[in-house]
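Here is the structure we will look at.
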Amino acid sequence: MANTITCRLVTPAKELLNEDVVYASVPMWDGLVGCQHGTSPLVAKLGTGKLRLDFPSDAGSGSRMYFIDGGFVKMANNILAERAIAAEEIIESEARAELAEANARVIPEDAPNRMDAVEKLTRERQAAALKVSMASTSKAVGI
């Protein structure tokens, strides 16, 4: 197809996707980056966030969302994620339990590497909140 790019989404466990897309909104470690046909090649570190893939209108697929948690992207076809979950596969009750557990956790004042622990816990809370949001949204639109 003329104005598409082939997108492969791969985790250590399996290949989740290998299809043509017209646009990808990719969560990098420092913000979102958009990619479409003609975008310059790029290799970058993935962050935690929502990957949105828009498919050609003639494919009738619309958009799909994936929860991404770390890895790398090569803007010439490959998204190599440490963790990726399709939005429709996120179980809202499990995501809510994960968020409640993360919110209940407290880091002791005298913990070694306290700053690192605070940063890690903050990332875990943000990831869990995003999963809850994605699960409720995908359920609401019937994905």
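Conditions tested, residue by residue: (1) open to solvent by less than 60 Å² (accessible area, probe 1.4 Å); (2) among the basic types (Lys, Arg).
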residue	(1), (2)
Pro27	yes, no
Cys35	yes, no
Phe72	no, no
Glu92	yes, no
Arg105	no, yes
Ser133	yes, no
*Check off (1) in a helix (DSSP H, G or I); (2) in contact (Cβ under 8 Å) with a residue 12 or more places away in the chain; (3) of a type in the set (D, E, K, R) for Asp69 and give me the number that stays unchecked.*
(1)
*Could you list, in sequence order, all residues of the stretch 17-47 that are over 15 Å from Gly70 (Cα atoms), part of a strand (DSSP E or B) and of a type in the set (A, V, I, L, M, F, W, C)?*
Leu17, Val21, Ala24, Cys35
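Would you confirm, using the coordinates I've provided, whether Phe67 is at pLDDT 90 or above, surrounded by 14 or more Cβ atoms within 10 Å (Cβ to Cβ) and more than 18 Å from Gly34 (Cβ to Cβ)?
On the way: at pLDDT 90 or above: yes; surrounded by 14 or more Cβ atoms within 10 Å (Cβ to Cβ): yes; more than 18 Å from Gly34 (Cβ to Cβ): yes.
Answer is yes for this residue.
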_Filtered residues of the stretch 37-64 (kept if under 16 Å from Asn3 (Cα atoms) and either crowded, with 20+ Cβ neighbours inside 10 Å or of a type in the set (Phe, Trp, Tyr) (or both))_ = Leu53, Phe55
*Only residues that are open to solvent by less than 50 Å² (accessible area, probe 1.4 Å) and either at pLDDT 90 or above or not in a strand (DSSP E or B) (or both): list them for the stretch 1-15, please.*
Thr4, Leu9, Val10, Thr11
*Go through the stretch 10-51 and give me each residue that's in contact with a Leu (Cβ under 9 Å, 6 or more places away or on another chain), farther than 19 Å from Glu124 by Cα and among the charged types (D, E, K, R).*
Glu15, Glu19
_Cβ pairs under 6 Å, 6+ apart, first in the stretch 26-52 and under 8 Å from Met75 (Cβ atoms), second open to solvent by 80 Å² or more (accessible area, probe 1.4 Å)_ = Val43/Lys74
_Of all residues in the stretch 74-88 being in a strand (DSSP E or B) and open to solvent by less than 70 Å² (accessible area, probe 1.4 Å), the one that is modelled with the lowest pLDDT_ = Asn78
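Given the structure, is Glu101 more than 13 Å from Val26 (Cβ to Cβ), under 12 Å from the mean Cα position of the chain (by Cα) and not hydrophobic (A, V, I, L, M, F, W, C)? Steps first, please.
Details: more than 13 Å from Val26 (Cβ to Cβ): yes; under 12 Å from the mean Cα position of the chain (by Cα): no; not hydrophobic (A, V, I, L, M, F, W, C): yes.
The answer is no for Glu101.
The values are calculated or read from the model by the stated rules, or taken from the named source; none is laboratory data. Nothing here was measured: the structure is a model prediction, and the numbers come from that model. So basically every Cβ, Gly included, is an ideal-geometry build from the backbone, and we count neighbours across all protein chains shown. SASA here: full protein model, heavy atoms, side chains in, ligands and nucleic acids out. Shrake-Rupley method; radii C 1.70, N 1.55, O 1.52, S 1.80 Å.
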